[in-house]
Amino acid sequence: MKILAIIGTPTRQAGYTTQTVDALARSLRARGQVEIESIYLEDMPLARCQGFLTCVKHGEHKCPVGPQMAPILAAMRAADGVIFASPVHCFNVSTLMKNFIDLLVYQMHRPEFFGKKALVVTSAAGAGHKAVLKYLRKTVAIWGFEVVGQLGTHAGLFGAEKYQARLQQATDKVADRFLHALARTRLPEPGIAELINFRVWRSVVKRTAEASPYDWAHWQKAGWLEQDYYYPAKPGFLPSAAAGAVEKIIERTIRTAGVSPLT
Ligand SMILES: Cc1cc2nc3c(=O)[nH]c(=O)nc-3n(C[C@H](O)[C@H](O)[C@H](O)COP(=O)(O)O)c2cc1C
């Protein structure tokens, strides 16, 4: 199994985010035949996302940072599973991780990582783990990853023997879950949140066909405009009906400009 760790800490090997990923890697290696590669975003010459949505509208090949992103994307495509790791910086992911996510904004419109499994990892001095793990989970799930586990560590406690014992237990548990999921090839049945998300993007793509021709062409070529999910699925009646209802509400809201500015 090929596992890639994308690590968004500026402190690289010296930091607790890396120590957390390393602990996880030890548990993974102790349990199975795994090949683990790490990419430190700090080492990658990634310019900032310029914010014009050129990748969404006209294709990711038009992004000026595309060539710098290419090796990371190639490694993601080659991996069976990816670990996304970021320290907590001011109750959010690090700037490095956020820029990496921004540079992949088109993956929200045109996800490609179905069938791949992911873990999300963070480290903080004290607080903010939950917000960061939730954000990472949600983001990479939209890109198509099946998120099968998470791990958050407390930087100041790494020196304590008791904490190290607990960390070992936690990494063993997460590693078991990850390896079990990696052995599974069947795609997960989408839940209500995934179905709603698909419908929302489908509405967006249809509505913005003129402004975002590349996005629309991709959806048409993939057959997604006529489907109820990105891949063949058999969702139950209730989740499908709920997703359909939400789609109609959103379409009507957009058509009638039926929202007020937030105050
Ligand atoms: C800019 C910055 C912001 C931070 N914000 C938080 C925070 O919101 N909550 C927290 O508990 N720790 C915060 N920390 C501490 C880091 O999360 C902690 O030191 C973490 O282990 C850093 O990861 P690293 O060792 O991989 O660099 C912050 C650190 C930095 C440098």
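By how many degrees, between 0 and 90 and to the nearest 10, does the Cα long axis of helix 192-207 differ from the longest principal axis of the chain? Taking the Cα atoms of the chain, the angle to 192-207 is about 50 degrees.
Ordering 155-163, 49-57, 67-75 by mean Cβ neighbour count within 10 Å, with the highest value first, yields 49-57, 67-75, 155-163.
Just need the relative contact order of the chain here, percent rounded to a whole number, with Cα pairs under 8 Å and 6+ apart.
On the way: 386 pairs, mean separation 51.2, N = 263.
Once divided by the residue count of the chain, the mean separation gives 19 percent.
Among the protein heavy atoms of the range 1-157, carbon and sulfur supply 54% of the accessible surface, probe 1.4 Å, non-protein parts ignored.
The modelled label-to-label distance between Gln13 and Ala257, using points 7 Å beyond Cα along the C-beta direction, is 5.8 nm. Applying both filters, DSSP loop and at most 15 other Cβ atoms within 10 Å, to the trypsin sites (Lys or Arg not before Pro) of the range 1-50 gives Arg48.
With contacts taken as Cα pairs under 8 Å at a separation of at least 6 residues, the range 192-255 carries a relative contact order of 51 percent.
Working from label points 7 Å from Cα in the Cα-to-Cβ sense, the Phe91 to Glu210 distance is 4.1 nm. In the assembled protein chains, Ser212 presents an accessible area of approximately 10 Å² (probe radius 1.4 Å).
Note: the range 2-182, Cα convex hull, 102 Å³ per residue. How about Lys138: which aspartates and glutamates have a C-alpha closer than 16 Å to its C-alpha, ignoring those fewer than 8 places off in the same chain? The reachable aspartates and glutamates, counting only those whose Cα sits under 16 Å from Lys138, are Asp102, Glu112, Glu146, Glu194. Length gained on full extension, Arg31 to Lys248: 73.4 nm, using 0.36 nm per residue less the C-alpha separation.
Computed over the chain with a Gaussian network model linking Cα atoms closer than 10 Å, the most mobile of Pro45, Pro87, Pro190 is Pro45. A 1.4 Å probe over all protein chains sorts Lys62, Lys206, Lys221, Lys116 by accessible area into Lys221, Lys62, Lys206, Lys116, starting with the largest.
Estimated at 0.36 nm per residue, the fully extended path between Leu157 and Leu225 surpasses their Cα-Cα distance by 19.5 nm. Exceedance of the 26 Å cut-off in Cα-Cα distance is limited, within the set Lys116/Lys234; Lys117/Lys162; Lys62/Lys98; Lys130/Lys162, to Lys117/Lys162.
Each Cα pair under 8 Å and six or more residues apart adds its sequence gap; the mean of these over the residue count of the range 1-88 is a relative contact order of 51 percent.
With the other protein chains left in place, how much accessible area per residue, in square angstrom, belongs to the chain at a 1.4 angstrom probe?
Working: 13860 Å² over 263 residues.
Ligands and nucleic acids excluded, the result is 53 Å² per residue.
The HN-Hα couplings worked out from phi for the range 181-187 by the Karplus form 6.51 cos²θ - 1.76 cosθ + 1.60 (θ = phi - 60°) are 5, 5, 7, 8, 9, 5, 6 Hz, whole numbers, x standing for Gly and Pro.
The values are calculated or read from the model by the stated rules, or taken from the named source; none is laboratory data. Bear in mind the structure is a predicted one, so any value in this text is a computation, not a measurement. Don't worry about glycine lacking a Cβ; one is built from the backbone with ideal geometry, like all the others, and counts go over all protein chains shown. Protein only, heavy atoms only, side chains kept; ligands, DNA and RNA dropped before computing areas. Shrake-Rupley method; radii C 1.70, N 1.55, O 1.52, S 1.80 Å.
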